[in-house]
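Heads up: the structure comes next, in structure tokens.
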Amino acid sequence: PTVGAASLLSYLAQDAPVFVVEPERTWRRAGELAERAERGGFLAEPAELRQRLAHRSVVSFTPGDEPADRGEVRIPCRQRDAFGIDLEGTLDELERLCTEHEDTRLYCMSSAEEDRLRNLLRDREFGPLERIHFERGRLNHGVLFSKEGLAFIPHHRLFGRYRQRRLLRHAEQGRPITDVSDLRPGDIVVHVLHGIARFRGTRVLESDGRRAEHLDLEFAEGVRVYVPSERVEMVHRYIGVGGRRAELSNLHGRRWRAARRKAEQAVEDLAAELLRFQALRHGSRGIAFPPDDEWHRQFESEFPYEETEDQLRSIEQVKADMEAPRPMDRLICGDVGYGKTEIAMRAAFKTVMSERQVAVLVPTTILAQQHCWTFRERMADYPVRVEMLSRFVTPAGARQVLEGMAGGQVDIVIGTHRLLQKDVGFKDLGLVIIDEEQRFGVEHKEKLKRMRSSVDVLTLTATPIPRTLHMAMMGLRDISALQTPPLDRRAVETRVQQFDAQLLRHAVLRELRREGQVFVVHNRVHNIEAVARTVRELVPEASVEVAHGQMPERRLAEVMRRFTEGSVDVLVSTTIIENGLDIPNANTLIINRAELLGLAEMHQLRGRVGRYIHKAYTYFFTPPQRPITPEARQRLEAIRRYSDLGAGFDIALRDLEIRGAGNILGPEQSGHIAAVGYNLYCRLLTRATARLTGEMIREPPSATVNIGLNALLPESYVPALEQRIEVYRQVGRAADLDDVRSVARALRDRFGALPEPVQNLLLEAEIRILAERAGVDSIQIQDGRLHFMLKDAGSFRAHFADAAIRPRVVRDEVAVIEAPTPSEDGRRVALFVRDLFGQP
């Protein structure tokens, strides 16, 4: 206990034991931190900590036999992580440990890991095999309790073949990234029926005894429309293209209806074209990989942490594509750190086990190096040869790699655009993995397009650019979205402001105090050394190095190695660190001249921090007293606004607004997107495609219920407006009772017990679903009677044919029944109606 220990101890019961690991080292570290603290009193002195612990039960784990303080229990033990430098040395060291410790426990992460180790020890005729107890579980470090004759050894420390990663429990579902649903007052929105308006916030209105929250929309000439919460699905934030400003619609004007009608006609033609494209691709002959075998299952069982549900679903989708007899073209989209690389490695392993080769195409040499290390570590126990082809490789080494690729000896090659040059050939290429395709040029993309006709292609991206996003969302490609963050992943705190030297010093020192590292990005090579000198002058306590793409290869590789190993505190670099670097200890990022970077680029850079359990910070600095362009201001506002987990799609859609849709749809289709908004355009296209294929569209219920219920989300229960609108959207989308129950469970988990207005909101949703099934268009109460407006009298009569209680059909459009209680008691009436529809 070091930082804030005095306050932390006050939360413990007086009889609660306190465990201290290596107390002398702990007190020494506490003293160092207290000396370096700039604000007095925040960090407790070691003497104060020891005094507070003097009256508690303390158990200390010490490397020696130091005498214990009064009331303290000391347990001597030693950490043991390093073993032999090769297999023979490792087994000799393990045999010596077994001799010295009667009880040696070896911890494996999976049954496959244990089976492989048992077989290895038997094959090597390991003598004391019977004295080893195999356990299932995870240890970060090996520990020896020599007095007790007890040794705990983790498998990954024994062989040192891959780094042990955190074991993650199933994470709660993260923020949805299928569209931009958050609305803020002042946003331009699209109402599906009425057109383009400005969102002014929400208002709680009362009508016929029913209180509900409504969206307040302002149309042209100041006309206001209030949309009830159950119809919030009809409203989406307006997303145009290329910075074009939208004009508010006249509520009863013809312009909106004409624009929508033209868009509907245009998407009919586009849908037919898409279907022809899909039919052509599905008709192409590709590689049908065989199903998984025992090696695949063993390889997957060795994944050191638990997969998220999104990962598992995406892996199954990739496998199904690979086993199908047509070329795969799938996009894996997920924010940084969400597990895209593991999906790629499993696809690569499946390919190699089918005796075919894999090409992994990455945009930078730094990322090629990182992926090469990662793939080799993950596949170290299998006969898989992984090589790299980039400018970090010498000409002689590159020739050997090329010969191995052509001869089939190289199974997986990881490289930059060098892989697309004419002298590169494969004996039997089966899979191409592309990391961040948008970073490649037009010529490279044309070569990749030709590849797609014959081999399987898997594309990974953290921020789909507009072109890729269009292709993914409009049926041109298959997409798998990873939207569940790791359990202990936290959003990066993001600040956008003019350059402040003292803030830079404070940010670096704060990171150094917690033994972390810092990225400083300056994307101009000609004066990057000057920026590094400024950092050294501001923070002389830190060791600072420079990295950029024009450095000699060996020097750049050496700097990156030292930073990765932790011997460099601050790395001043260009945007070469943008993709793929995984340095958990670096959790502060400072970007100089941020106004010069693109939105996707800024989001990728921010993804370099916050990859571990520590709170991460990002500072986007702009020049002081110098104006920036309106477009740059928009980008900076977007990066500040969309800083939560899973914001990749939000960033991409905002990029679409700022930069445009690209040329995939042509100027005419882009005009229709601008006229009706991106969300509605995609919705129209989805419907048109479904009509042409005969696919059923799962629509939310359209029945209305007005029986005097107070049905809303109180601000005291869900304070944030964006969260309330998202919940209303989920309730409105609920197409069956299970959907409603799922929303109720999520609300209880997140906000606590449901107050009555929230129960009423969900009860109304259930009634709408049941009424829709029974052919009812609306339900209202008048003069003590319930009136059912029918849209299908036949379905209504059939529903109540065998019911104990039957409403009386007055005419084909209306049925009535006496209410069970005065209409003022809306909840009792609602429960009666739900039970009425639920009768067999």
Using only DSSP helix segments of four residues or longer, with each worth -39500 (n - 2.57), what per-residue ellipticity at 222 nm results for the chain after dividing by its residue count and rounding to 500? -12500 deg cm²/dmol
Using a 1.4 Å probe over the heavy atoms of the protein chains, calculate the carbon and sulfur portion of the accessible area of the chain as a whole percent. 48
Which net charge results when you count Lys and Arg as +1 and Asp and Glu as -1 among the other residues whose beta-carbon is under 10 Å from that of Arg200? 0
About the Cα centre of the chain, how large is the charge dipole given +1 on each Lys and Arg Cβ and -1 on each Asp and Glu Cβ? Please answer in debye to the nearest 20. 2260
If I model a spin label as a point 7 Å beyond the Cα along the Cα-Cβ vector, how far apart are those points for Asp293 and Arg96 in nm? 4.1
Mean accessible area per residue over the stretch 395-440 (1.4 angstrom probe, all protein chains present, square angstrom) is 43
Would you work out which of Gln759, Met696, Ser742 lies farthest towards the positive end of the dipole of the stretch 652-802, given +1 charges on the beta-carbon of Lys and Arg and -1 on that of Asp and Glu, about the Cα centre? Met696
Among the listed pairs Lys350/Lys615; Lys427/Lys447; Lys262/Lys791; Lys319/Lys422; Lys262/Lys447, give every one whose C-alpha distance is greater than 25 Å. Lys350/Lys615; Lys262/Lys791; Lys319/Lys422; Lys262/Lys447
Semi-axes, largest first, in whole Å: what does sqrt of 5 times each Cα gyration tensor eigenvalue give for the stretch 762-840? 18, 14, 12
Dipole of the chain, positive end: most advanced residue of Ala804, Gly201, Val816 [Cβ charges, Cα centre]: Gly201
With Arg691 itself left out, Lys, Arg at +1 and Asp, Glu at -1 over residues whose Cβ is under 12 Å from its Cβ give -2
Here are a few candidate values for volume of the Cα convex hull per residue in Å³: [x] 168; [y] 227; [z] 196. Which one was actually calculated from the structure I just gave you? [y]
Charged-residue dipole, Cβ positions (Lys, Arg, Asp, Glu), the stretch 320-446 about Cα centre, Debye nearest 20: 200
Describe numerically, in nm with one decimal, the distance between label points set 7 Å from Cα along Cα→Cβ at Arg136 and at Arg184. 4.8
Which of the DSSP-defined H helices in the chain satisfy a minimum axial length of 30 Å, computed from C-alpha atoms, and a minimum mean Kyte-Doolittle hydropathy of -1.0? 255-283
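The values are calculated or read from the model by the stated rules, or taken from the named source; none is laboratory data. Please read these numbers as outputs of a predicted model, since none were measured by experiment. Cβ atoms come from the backbone with ideal geometry, glycine included; neighbour counts cover every protein chain shown. Surface accessibility is based on the protein's heavy atoms, side chains included, excluding ligands, DNA and RNA. Shrake-Rupley method; radii C 1.70, N 1.55, O 1.52, S 1.80 Å.
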